[in-house]
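Q: Attaching a single structure in structure tokens format; questions to follow.
The values are calculated or read from the model by the stated rules, or taken from the named source; none is laboratory data. Here the structure is a predicted model, which is why all the values come from computation and not from measurement. Every residue, glycine as well, gets a Cβ built from its backbone with ideal geometry; the counts of neighbours run over all protein chains shown. Heavy atoms of the whole protein, side chains included, go into the accessibility calculation; ligands, DNA and RNA do not. Shrake-Rupley method; radii C 1.70, N 1.55, O 1.52, S 1.80 Å.
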Amino acid sequence: MTRKIAIQGELGSYSHEACRAARPNMDVLPCRTFEQAIEAVKSGEADQAMLPVENSTYGRVADIHRLLPYSGLHIVDEAFVRVHINVLGLPGAELSQIKDAYSHLVLLPQCASFLKEHGIVGRVSPDNARAARDVAERGDPTVAALASELAGEIYGLEVLARHIEDNGDNTTRFLIMDRESNYERRGQHGMITSFIFQVRNIPSALYKAMGGFATNGINMVKLESYMVDGSFTATQFYADIEGHPDDANVQLAMDELRYFTSNIEILGTFPASKKRH
């Protein structure tokens, strides 16, 4: 039986592209929300989930940071997808005809310059691939979708303009989630350990907690804070470090971190992607 990987969104989305690149032998299970994609894995309907966490232009995907700590799943891999935005229209349509272009709210600012230059009004759609499907069903040559070429292939649309994104390095990072963790692997390009923590309510707690990583020579590649349950006093931190929990220097740093924190939870340890560098 072919294994399945759940995504938020429809076939033809950038999450679908990420699955093609990182999990080509798995069937894609489209889900309406991130919560549903996570639940599909927890229930056994899917074996893994492909979830976007950050975009080099737009920033972090806030919903994911809120959901990860309580998902009950483990990060087992990461994938980086170069986000190429294309104007997709009906067969035979021309770019000069396009008046409105639909896409996800996150994608529209990433190609704002192109839209302004061509007098195209950006319209919000729940999903990039959904926008492509809707354009195909609508049959209006003055309407286009901003999506991947994969979406054009699936829904029978033509590429009227290719790679219109403002930022030439526009990339999205995805996390691959599983019901089981895997601490046995060692990646060719190193390991990444992701965890969340809350610092104790003492002066300079965060500064002191971070000191253990510096003194043990550990590179912290990400540190982000966000509020917990809408509280202005309870701040949770999400961190990525280079290393494995079994490494001696990581163990020392995590021991020191525990002294200054009220809670630590490792979300996963996984091989660093070669595209990270």
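Q: Determine the per residue accessible area of the range 1-140 with all protein chains present and a 1.4 angstrom probe, expressed in square angstrom.
A: Each residue of the range 1-140 exposes 46 Å² on average to a 1.4 Å probe.
Q: Which distance in nm do the two modelled labels at Q97 and Q188 give, with both placed 7 Å along the Cα-to-Cβ direction?
A: 4.7 nm
Q: In percent, how large is the relative contact order of the range 1-56, given Cα pairs closer than 8 Å and 6 or more residues apart?
A: About 46 percent, as a whole number.
Q: Give the calculated FRET efficiency between R82 and R123 to the nearest 0.05, with a Förster radius of 22 Å applied to their Cβ-Cβ distance.
A: For R82 and R123, the calculated efficiency is 0.35.
Q: Using only Cα atoms and rounding to the nearest 10 degrees, what angle (0 to 90) does helix 205-215 make with the longest principal axis of the chain?
A: 90 degrees
Q: Where does the charge balance sit around S181 when Lys and Arg score +1, Asp and Glu -1, over other residues with C-beta under 15 Å from its C-beta?
A: Result for the neighbourhood of S181: -4.
Q: In addition: Which whole-number percent of Cα pairs in the range 191-271 have a distance greater than 20 Å?
A: That fraction is 25 percent.
Q: Between exposed trypsin sites (Lys or Arg not before Pro) in the chain, where DSSP calls loop and at most 15 other Cβ atoms lie within 10 Å, what's the longest gap?
A: 201-277
Q: Taking square-rooted eigenvalues a ≥ b ≥ c of the alpha carbon gyration tensor, is the range 86-161 rounded, prolate or oblate, where a/c under 1.5 means rounded and, failing that, a/b exceeding b/c means prolate?
A: Oblate, because a/c is 1.5 or more while a/b does not exceed b/c.
Q: Can I ask one more? What percent do you get for the relative contact order of the range 86-161 when only Cα pairs under 8 Å and 6+ apart count? Spell out each step's value before the answer.
A: Details: 152 pairs, mean separation 38.3, N = 76.
Relative contact order of the range 86-161: 50 percent.
Q: Relative contact order (percent) for the chain, with alpha-carbon contacts under 8 angstrom and 6 or more residues of separation?
A: 22 percent
Q: Tell me the angle of helix 128-138 to the major Cα principal axis of the chain, expressed in degrees between 0 and 90 and rounded to the nearest ten.
A: On a 0 to 90 degree scale, this one is about 20.
Q: Another one. Taking square-rooted eigenvalues a ≥ b ≥ c of the alpha carbon gyration tensor, is the chain rounded, prolate or oblate, where a/c under 1.5 means rounded and, failing that, a/b exceeding b/c means prolate?
A: Prolate, since a/c reaches 1.5 and a/b exceeds b/c.
Q: What's the carbon and sulfur percent of the range 86-161's accessible surface, probe 1.4 angstrom, rounded to a whole number? Intermediate values should be presented prior to the final figure.
A: Numbers: 1700 of 3420 Å².
Here carbon and sulfur together make up 50 percent of the probe-accessible area.
Q: Please give the net charge around C31, taking every other residue with its beta carbon less than 10 angstrom from that of C31, where Lys and Arg add +1 and Asp and Glu add -1.
A: -3
Q: In nm, to one decimal, how far is the E224 label point from the N25 one, both placed 7 Å along Cα→Cβ?
A: Between E224 and N25, the simple spin-label model gives 3.2 nm.
Q: Using a 1.4 angstrom probe, figure out how much accessible area the range 191-271 has per residue, in square angstrom, rounded to the nearest whole. Could the numbers behind the result be given before it?
A: On the way: 3920 Å² over 81 residues.
Averaged over the residues of the range 191-271, the accessible area is 48 Å².
Q: Further question on the same structure: Restricting to the chain, what percent of DSSP beta bridges are antiparallel, rounded to 5?
A: The antiparallel fraction comes to roughly 75 percent.
Q: So how tilted is helix 34-43 from the main axis of the chain? Cα-based, degrees 0 to 90, rounded to 10.
A: The angle comes out at about 60 degrees.
Q: Let me ask something else about it. Accessible area of the range 191-271 with a 1.4 Å probe: how many percent of it is carbon plus sulfur? Don't skip to the end; give the middle numbers.
A: Values: 2000 of 3920 Å².
That share works out to 51 percent.
Q: Report the longest stretch of the chain that contains none of the GluC sites (Glu not before Pro) sitting in a DSSP loop with at most 16 other Cβ atoms within 10 Å.
A: 185-277
Q: If R0 is 30 Å, what FRET efficiency do you get for S181 and K208 from their C-beta distance, rounded to 0.05?
A: Approximately 0.55, to the nearest 0.05.
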